[in-house]
């Protein structure tokens, strides 16, 4: 089983649609959770951190369920500029250093 | 506050050659991590440097090595290049005391032919 698994893509949605991404992770000792966004041929950029209480940033809502080791990202009212690959990321501590483990990413294509 | 800069941006090498990639960390950050991102995959952790020493390593062979300098900048060296080494190499700096707060550079795209 892969450490971080995401929905296979791509997701093709029209502008204004709501889209949800799902992610599961295998390391129950993982400490922090993130969604990153990566545009084509660019570096990943932090979209938002994910907390058990759920957190929202404008049109974006992230949720973490530690018991089921599940992370989600909801995008409401999709914009053309939301087209990108969304990476689910888990941070773990190993003998004094932290490691980011990335999922494979789910590509989102928003069309007019 | 300067971000993370990587050089070169693109590189083409022949199988069997050696390559050195460079990274300047963000001001105030003392830790550098390197990641390899193959096409269609998420980034994979190569190793991390803190206080000029490797303090963590992913599942990569010894021909992947690195250095960190007193100014916290870093190099990634890959010997005996293989075709499968073709990837985007990402450098990320952070402050070890904070654990998270990674800033990624724009990467070096390496093609091995």
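A few comments on the model shown:
- Hey, residue A:99 closer than 28 Å to residue B:59 by Cα and either at pLDDT below 95 or more than 14 Å from chain B (Cβ to nearest Cβ) (or both) or not: yes
- Residues located in segment A:64-92, provided they are modelled with pLDDT under 95 and either in contact with a helix residue (DSSP H, G or I) (Cβ under 7 Å, 6 or more places away or on another chain) or facing another protein chain (nearest Cβ under 7 Å) (or both): A:91
- Selection of segment A:33-68 for residues being crowded, with 18+ Cβ neighbours inside 10 Å and either part of a helix (DSSP H, G or I) or touching a residue at least 40 places away in the same chain (Cβ under 8 Å) (or both) yields A:33, A:34, A:35, A:36, A:37, A:38, A:44.
- Condition met for residue A:108 (in contact with a helix residue (DSSP H, G or I) (Cβ under 9 Å, 6 or more places away or on another chain) and under 25 Å from residue B:105 (Cα atoms)): yes
- Every residue from segment A:59-95 that is within 10 Å of the chain's Cα centre (by Cα) and under 28 Å from residue B:57 (Cα atoms): A:71, A:85, A:86, A:87, A:88, A:89, A:90
- Counting only strands (runs of 3 or more DSSP E) that fall entirely inside segment B:25-113 and contain at least 2 residues that are in contact with a helix residue (DSSP H, G or I) (Cβ under 8 Å, 6 or more places away or on another chain), surrounded by 19 or more Cβ atoms within 10 Å (Cβ to Cβ) and more than 13 Å from every other protein chain (Cβ to nearest Cβ), the qualifying elements are B:108-112.
- For the criterion of being farther than 24 Å from residue B:105 by Cβ and within 11 Å of another protein chain (Cβ to nearest Cβ), residue A:5 passes.
- Check on residue A:99, without any contact (Cβ under 8 Å) to a residue 24 or more places away in the chain, over 13 Å from the mean Cα position of the chain (by Cα) and assigned to a strand (DSSP E or B): yes
The values are calculated or read from the model by the stated rules, or taken from the named source; none is laboratory data. Note that the structure is a prediction, hence the values are computed from the model and not measured. Backbone-built Cβ (ideal geometry, glycine too); neighbour counts: all protein chains shown.
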